[in-house]
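Since the structure comes first, as C-alpha cells, the remarks are kept for the end.
Each value in this text was obtained by applying a stated rule to the coordinates, not by laboratory testing. Please read all numbers here as calculations on a predicted model, not as lab measurements. Every residue, glycine as well, gets a Cβ built from its backbone with ideal geometry; the counts of neighbours run over all protein chains shown.
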Amino acid sequence: MSGLTGARPRVARWSDLAHAHKLVFPFPIYYFCHAGWGAGYVSGGYGDVLAVPVVLALTANLLAIVGGAALNATVDFRTDSHNRGKERIARAVIRLGPRNVLAWSAVEIALSLLLAAFSTLLTGNLDTVAAVTLMIALGLLYDLEPVRLKRRGFLNPVALGLSAGLLPAVAIASAVTAHIPAAVWLVFAGLGVLVGARALWWSFPDRHGDLATGMRTPTVRYGTGATGLITAVAAAVGLGLLGWGVWWRYGPAWMVLAVVVGGVFLVPVIAVLCRSGKHQPDAALLRRHHLLLAALADVVLVALPFLA
C-alpha cells in the first residue's frame, strides 16, 4: 500500500472525487445511458421524457449508480491497488478518506430514494420507487459482507446486469407509463443480460488483484477462457432478446441496428478467446477503447426509439 501514497500528494483534489465515483471519461456517458435508456421505449415523444416525474426518476437512477460506484470504490480500494489502470481509484479513496467517500455514497443513495419516492407520488406508480430500491439493495449486497455478491461467481454479473441494466430501465419507464408492453420487457431483459455480459468482460483485467485479495470472481474461479466463452454466450442471449423486442416494436431494420451496435464489445472478447486468455488488457485500456465503444453503442440504443 505504501506504493500508493509515497509518490503522490496527500491533499485531496476535485479529480479525486471524480475518480472515487468512477466519473472519468467515458463512464459519465455510460451512466447517463443506463439511467435513461428505459424512457424512450415507452414514450410517445420528447415531451413525455421531459416530464417532471421522468426527470426525477432519471436523477434518482443516476444518483443510485454513482453512489453505488463510490461505495464499490471504497470497499475495493485494496483490490484496485493491485490492478493496472485502477490504482488511481485507490489513491483517490485514500486521499479523500474511505469514511468520507462512504459518507458521500450514503448521501447520494438517500437522495436517490427520496427522488424516486417523489416521482412515484406524482405518478401513483409504485414501480419506480420499487425498482430504485431494488437497485440500491443489490448494490449493497454486491459490495458488503456477509453476502458480498462480487465474490460469489456468476451471481456477480447477474447482480450487475439487474442493478445497472434492467432495473434502471424499469424505474424510468414506470415514470412514463403504468403499462410496459411485452416487446419493451424483452428489450429491457436484453439490456440487462448485455450489461451482465459486459461486467464479466470488465472483470478480466481485475483478475490479478482479485487473486491477490482472495476475491472469488468468475475469472478467478473458472479462468479467463471459460469466463470469456460464457461472456460471449451471455452476450448472444442478450442480443437475441434485445433484437426480438426491437423487431416486435419497431421492425427488422431497427433490430439489425440494435443488434450490431449492442454486439460491438464482443470483438475484444473474441480476440481474448483467440489468444487463449493471454495478455489481458488493463483497466485503463478497457476504459479508453473498449468501454468507449460500449458507451457509444449505448448512446445509439438510447436514441433508437426516438429515431424509429
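Numbers at a glance
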quantity: Simple label model, 7 Å out from Cα along Cβ direction - residue 253 to residue 296, nm; calculated: 2.3
quantity: Whether segment 135-200 is rounded, prolate or oblate, judged on the alpha carbon gyration tensor where a/c under 1.5 counts as rounded; calculated: oblate
quantity: Global geometry of segment 110-267, whether rounded, prolate or oblate, following the gyration tensor of its Cα atoms and the 1.5 cut on a/c; calculated: oblate
quantity: Highest average packing first - 300-308, 151-159, Cβ atoms within 10 Å; calculated: 151-159, 300-308
